[in-house]
1. Excluding residues fewer than 8 places away in the same chain, name every one of the lysines whose C-alpha is closer than 26 Å to that of B:K271.
2. Among the aspartates and glutamates, select those whose C-alpha is under 16 Å from the C-alpha of A:K71, and discard any that sit fewer than 8 residues away in the same chain.
3. Once amide H atoms are built 1.01 Å from N in the peptide plane, which residues 5 or more positions from A:H252, or in another chain, come under 5 Å H to H?
4. With every atom except the alpha carbons ignored, what do you get for Rg and Dmax of segment B:1-145, in angstroms?
5. Considering the Cα positions of segment A:83-146, please state its Rg to one decimal place and its Dmax as a whole number of Å.
6. May I ask for the distance between the Cα centers of segment B:23-100 and segment A:107-173, given as a whole number of Å?
7. Work out how far the C-alpha atoms of segment A:100-284 reach from end to end along every principal axis, then list the three figures in whole Å, largest first.
8. Against the longest principal axis of chain B, how steep is helix B:275-300, in degrees 0 to 90 to the nearest 10, with axes from Cα atoms?
Amino acid sequence: MSLPTISRVPASGLLRSIRDLRWLLRSIAPLATPRRALTQMGYRRPGQPREDKPPWWRVKFDFSKGLKGMKRHFTLLKEEFFAQFVGPMGKPIIEHMLEQNQVLWEFRGPHSLQEWTISCDREIGGKSEVYLKVGRNNETCLLYGTLCSDPPKDGETRYSGYCTMRAKQPLASFDRKRYHDWSSFNTLHLRIRGDGRPWMINVIAETYYTHQKDDMYSYFLYTRGGPYWQDVKIPFSKFFLAHRGRVQDDQHELWLDKINAIGFTLGDKADGPFQLEIDFIGVCKDYAHTEDFAYEKYKRNPEV
Amino acid sequence: MAPFVYSTLIISLGLGTAMTFASTHWYLAWMGIEINTLAIIPLMTQNHNPRAIEATTKYFFAQATASATLLFAAVSNAFLTGGWDILQINHPLTSTLTTLALAMKIGLAPLHSWMPEVMQGLSLLTGLILSTWQKLAPFCLIYQIQPDNPNVFITLGLLSVIVGGWGGFNQVQLRKILAYSSIAHLGWMILILPFSPPLTLLTLFTYLMMTFSLFSSFMLVRTTHINSLSISWAKIPTLTASVPLILLSLGGLPPLTGFLPKWLILQELTKQDLAPIATLAALSSLFSLYFYLRLSYTMTLTMPPNNPAGTLPWRLNPQHNTLPLALTTTTTIFLLPATPTILALFTF
């Protein structure tokens, strides 16, 4: 015969002085799984049960995978060590001094797609679709799919209909973050061919505080439908700061010394198929462009 | 920033340093250093961008840690020796702890790691204040500590010279290069402090002059990357001629002013039978000279391969007052022949 477990609060007459009895029940209830702060949790799709598993429970331990990983990381470490003898970031210093153009991503085969990740509102229960494949003759990449603005029927989400493609964060050995240093340049140069839809280009820079992790710098990319390629040059001074898609009042220029990723987002609320073909993404230095920042930085409507 | 607030912060900076200069009590000296730290924090965050906020946070953490250690050392010294006087820091433990705390304050190796990241996140003007004015108060205290065993100073100095040269090797950001340059020069100052404090003062003043002229030059041509140095000839051609000389003076080449402190320090170290340390320091300064030469090469000896359709920046008249730059550049380049006079001034 098992002992009865205490699962109820003692009679309230004895505890009249305690206003909230729930804190008392907590002390005799089973210890709950520690909950992480909101800023640290990943996205939880509305209507799905909350996952309270610690992160290490989701990892699959595999010895051979571990060995391959060690080999890969030590190889990267060796390359980084010897790259320092070539110059900063593995490039000779003469390149740093004289470079005016740099191609960062050019799509020349299936291997180039591994540096990118795609996403759409299907993850939150929507009906859009997005795919990424190599274009004709392995010369370009094609981002295509179908946009659908119907919000998922979960009772929480009101808006939907987006597709996005984002570069993965470059990693050094042992999964340390590596950054792009674009401080020698001032313009983003893309060669694209679209279908007339307006896209958003997002540049994600390195931040320090946790509450800044969703900060991104955005600008518009208007594509012209048709068989002709578009050479788009957008100065970095035009990018404005947004947090979780909301444009911020307190604007500042994009610092180019630590860039994590670049992304393209489509959310124009026009349901139907879309296509975007990209030849290359690069940066260049336009000496004629001397603007530091295109928007006002001073405080508008200051408190008196 | 409102002019009233700006002037209050600048006056607080001056007040903090003056308080430390004028104090004989550890507590008052510590207060002056704290006022300095707190006054520069809003100046660093004037521009609301993530890099500046990150730099300010890192600076605050480093300085707060050093201040706490300094206060702990002062209180421990008072407990062990019974005195609060700055000159009476006789116990070896508290003396070492104080030295390490002040070394972290000014960014000496191996406590230097905050410096390049902090400098990278600041504007050139704030970086100038950090490299020059903010060093004075801690240096005043280091100067007054008379250690029995000079090994701590020699270790800190030698490490700083090596790390300052090695760290700046593969940098392309000018502010980080200047941070590593600062670390290397501070190493030279600390190296000679136990043997000849007036030489430390001489090195400090020479360094302040050279750094001021270099920062001012970079502010005038508005450049923070090695790449943009190559078009500075189109902005202000005169600077293209004077900045290499400032850089070579920083590197310690004769017949420029920067040679003077290095020459006298090596001479003094040799007299103290520390020839191997002098050799090591001299060889390590070659690293620094390498990246100074690289900057000179980029600025003066290189023409950028411009596109025919590209345009060069306009040669506008500089809006800043260039008199301080002119004075400090002159002293940075031409002061070596006045060595006997300078020696008479500093040897007391």
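The values are calculated or read from the model by the stated rules, or taken from the named source; none is laboratory data. On a predicted model such as this, the values are computed, not experimentally measured, just so you know. Quick reminder, even Gly has a Cβ in these numbers, built from the backbone with ideal geometry, and neighbours come from all protein chains shown. With ligands, DNA and RNA removed, areas are computed over all heavy atoms of the protein, side chains included. Shrake-Rupley method; radii C 1.70, N 1.55, O 1.52, S 1.80 Å.
1. B:K262
2. Answer for A:K71, where 16 Å is the Cα cut-off: A:D62, A:E79, A:E80, A:D175, listed by chain and number.
3. Here the answer is A:L241, since their amide H atoms fall under 5 Å of that of A:H252.
4. That works out to 15.3, 47 Å for Rg and Dmax.
5. Calculated on Cα positions, Rg and Dmax stand at 17.7, 51 Å.
6. If we compute the Cα centre of each part, the gap is 52 Å.
7. 45, 43, 35
8. Value to nearest ten degrees: 30.
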